[in-house]
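Working notes for the structure below.
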Amino acid sequence: MLSVLDLFRVGIGPSSSHTVGPIRIAKRFVDSLERARTRAATQRIVVELQGSLALTGAGHATPKAVILGLAGLEPETLDPAEADRIVAHVHAQKQIDLPHGGVIAFDPEQDIVFAYDVMPKLHPNGMKLTAYDANGAVLASEDYYSTGGGFIATRRQLETPVDGDLIPSRISVPHPFGSAAELLEACDRTNASVADIILANEDAMRPRSETEAKLDRIGEVMRACIERGLQRTGELPGGLKVQRRAPELWRKMSSAGAANEPERLFDWLNVYAMAVNEENAAGGQVVTAPTNGAAGIIPAVLRHYCSEGDVQAKTRTFLLTAGGVGLLYKQRASISGAEMGCQGEVGVACSMAAAGLAAIWSATPQQVANAAEIGMEHNLGLTCDPVGGLVQIPCIERNAIGAVKAVNAARLALHTTGATKVSLDQVIETMRQTGLDMSSKYKETSQGGLAVNVVEC
């Protein structure tokens, strides 16, 4: 079993598959050179971006991510300001300091290759890294794939599927499940909530105190991201001249008094989600939830509904439940926009948030599953067509809409009794089939939809 913590990775924007994943891949490659004792002989590294990483990599800051990974940084711990300094230094000096010692020539304009004509068969987010010695001989070469949400895999692993991220998990958990039906059966058998089942499985992977500390940090980073996004103003990078809107909306809401009209709920959810995704678009620190492109939905719902009473307990229950649902999508379908379109990002985040909120509202396990099903059912077919290859239009507003939709899905689920006509397993399979059928134009390639019908400047 994967861990729910793998779905909530702390990293930097604007894209988990184009930023977080490539950082991890590049670092993994240079680490492998050290293990193979070929690092000292390495004089050049060439990184080829393939598929969606090539087509939207420039707008998604993939070259920056490659440099940071080669320099040995980790997305979970890097300082965004220090990261910018390193990238600027590499561009200016045309060389890079490898993490295990040594300096090699590295010109991002020459050594990061955009292979626009290569669409990998195993996964549309492909990266090929090759190390050369002083004579131009190949020392090492590896094909990697950024499979969404910061998850990465080698060619061998995708050709021989394993349970896990790079390294197969051999941990035996008390409640293994491969479907929503099996998860609900475990809840029924043990008279436990979804969060209880997930936490028991996590106990097999690490001490509970460590899991709880990690969940608490995830919640803290999400809230901190919202607070930054509510304060920072100005134009987002990338050339679309998109202005941050969350701070002004927040100012209007804060000065409007304690209005009671129901529509204000939309404003709160909108402003929190937009604050996160504007931070993401600016390359700030966010949490993949389960991806960066959909990083605002879960924090928005969490911020609005888990900020009173026992905040810590609510936050843990919310994240464990949402994460349990996320595991189903990751294992049974995909959370990659390049594979599934935006239904695999915003749709999955909406489904996860709906489940987490239903749990906070004391829903039964079946109602939690119903909330998740409703959240996805009405995102089926959602395309990923970012204008200019940037995670801005329609991504920022789409997260706001997704947060509102998640709350409505949870409310509808609480009015259900028993299983619904469409099960969570059925909707996940439908999403998978829909993603496979969807034209590549609408799957994070910026070759169709809004990306070609909206003037960029």
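The values are calculated or read from the model by the stated rules, or taken from the named source; none is laboratory data. In this text the structure is predicted, and so the values were computed from the model without any measurement. Backbone-built Cβ (ideal geometry, glycine too); neighbour counts: all protein chains shown. For the accessible areas, the whole protein counts, side chains as well, though only heavy atoms, and no ligand, DNA or RNA atoms are used. Shrake-Rupley method; radii C 1.70, N 1.55, O 1.52, S 1.80 Å.
Assorted remarks:
- Number of the exception - residue 107 against (1) open to solvent by less than 70 Å² (accessible area, probe 1.4 Å); (2) within 21 Å of residue 20 (Cβ to Cβ): (2)
- Of all residues in the stretch 391-413, none are more than 28 Å from residue 263 (Cβ to Cβ) and among the hydrophobic types (A, V, I, L, M, F, W, C).
- Matching entry among 30, 87, 46 (being farther than 17 Å from residue 129 by Cα and at pLDDT 95 or above): 87
- Test: residue 452 is under 18 Å from residue 383 (Cβ atoms) and aliphatic (A, V, I, L, M): yes
- Count of residues meeting criterion [on the phi < 0 side of the Ramachandran plot and free of Cβ contacts under 8 Å to residues at least 60 places away in the same chain] in the stretch 22-51: 2
- Count of residues meeting criterion [surrounded by fewer than 24 Cβ atoms within 10 Å (Cβ to Cβ) and either closer than 13 Å to residue 19 by Cα or of a type in the set (Asp, Glu) (or both)] in the stretch 32-53: 2
- Residue match in the stretch 393-404 (condition: open to solvent by 10 Å² or more (accessible area, probe 1.4 Å), in contact (Cβ under 8 Å) with a residue 24 or more places away in the chain and over 20 Å from residue 269 (Cβ atoms)): no
- The single condition from (1) closer than 12 Å to residue 283 by Cα; (2) free of Cβ contacts under 8 Å to residues at least 24 places away in the same chain that residue 82 fails is (1).
- Residue in the stretch 408-419 that is among the small types (Gly, Ala, Ser), open to solvent by 30 Å² or more (accessible area, probe 1.4 Å) and more than 30 Å from residue 284 (Cβ to Cβ) present: yes
- Applying the condition of being free of Cβ contacts under 8 Å to residues at least 40 places away in the same chain and polar (S, T, N, Q) to the stretch 186-233 and asking which residue is least open to solvent (accessible area, probe 1.4 Å) yields 190.
- Hits in the stretch 150-165 - residues which are in contact with a helix residue (DSSP H, G or I) (Cβ under 7 Å, 6 or more places away or on another chain) and either open to solvent by 90 Å² or more (accessible area, probe 1.4 Å) or at pLDDT below 90 (or both): 165
- Of residues in the stretch 344-363 being more than 20 Å from the chain's Cα centre (by Cα) and more than 16 Å from residue 198 (Cβ to Cβ), the one surrounded by the most Cβ atoms within 10 Å (Cβ to Cβ): 361
- Any hit, the stretch 306-316, residues being modelled with pLDDT of 95 or more, under 26 Å from residue 453 (Cα atoms), of a type in the set (A, V, I, L, M, F, W, C) and open to solvent by 20 Å² or more (accessible area, probe 1.4 Å): no
- Among the conditions (1) in contact with a Leu (Cβ under 9 Å, 6 or more places away or on another chain); (2) free of Cβ contacts under 8 Å to residues at least 40 places away in the same chain, the only one that residue 378 does not satisfy is (1).
- Screening residue 329 with (1) under 21 Å from residue 382 (Cα atoms); (2) in a loop (DSSP other than H, G, I, E, B) gives one miss only, at (2).
- Yes/no for residue 209 being over 22 Å from the mean Cα position of the chain (by Cα), at pLDDT below 95 and hydroxyl-bearing (Ser, Thr, Tyr): no
For (1) over 16 Å from the mean Cα position of the chain (by Cα); (2) part of a helix (DSSP H, G or I), each residue gets a yes or a no:
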residue	(1), (2)
278	no, yes
291	no, no
294	no, no
301	yes, yes
304	yes, yes
309	yes, no
312	yes, yes
319	no, yes
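- Count - residues of the stretch 88-144 that are under 25 Å from residue 445 (Cα atoms) and in contact (Cβ under 8 Å) with a residue 60 or more places away in the chain: 19
- Taking the stretch 119-141 as the range and being among the hydrophobic types (A, V, I, L, M, F, W, C), open to solvent by 50 Å² or more (accessible area, probe 1.4 Å) and closer than 23 Å to residue 389 by Cβ as the test, the residues that pass are 119, 122.
- Residue match in the stretch 239-260 (condition: at pLDDT 95 or above, within 30 Å of residue 177 (Cβ to Cβ) and open to solvent by less than 10 Å² (accessible area, probe 1.4 Å)): no
- Reported count of residues in the stretch 261-276, each being surrounded by fewer than 24 Cβ atoms within 10 Å (Cβ to Cβ) and either among the aliphatic types (A, V, I, L, M) or part of a loop (DSSP other than H, G, I, E, B) (or both), is 4.
- Unmet requirement for residue 98, which otherwise passes all of (1) over 27 Å from residue 214 (Cβ atoms); (2) loosely packed, with under 15 Cβ neighbours inside 10 Å; (3) not hydroxyl-bearing (Ser, Thr, Tyr): (2)
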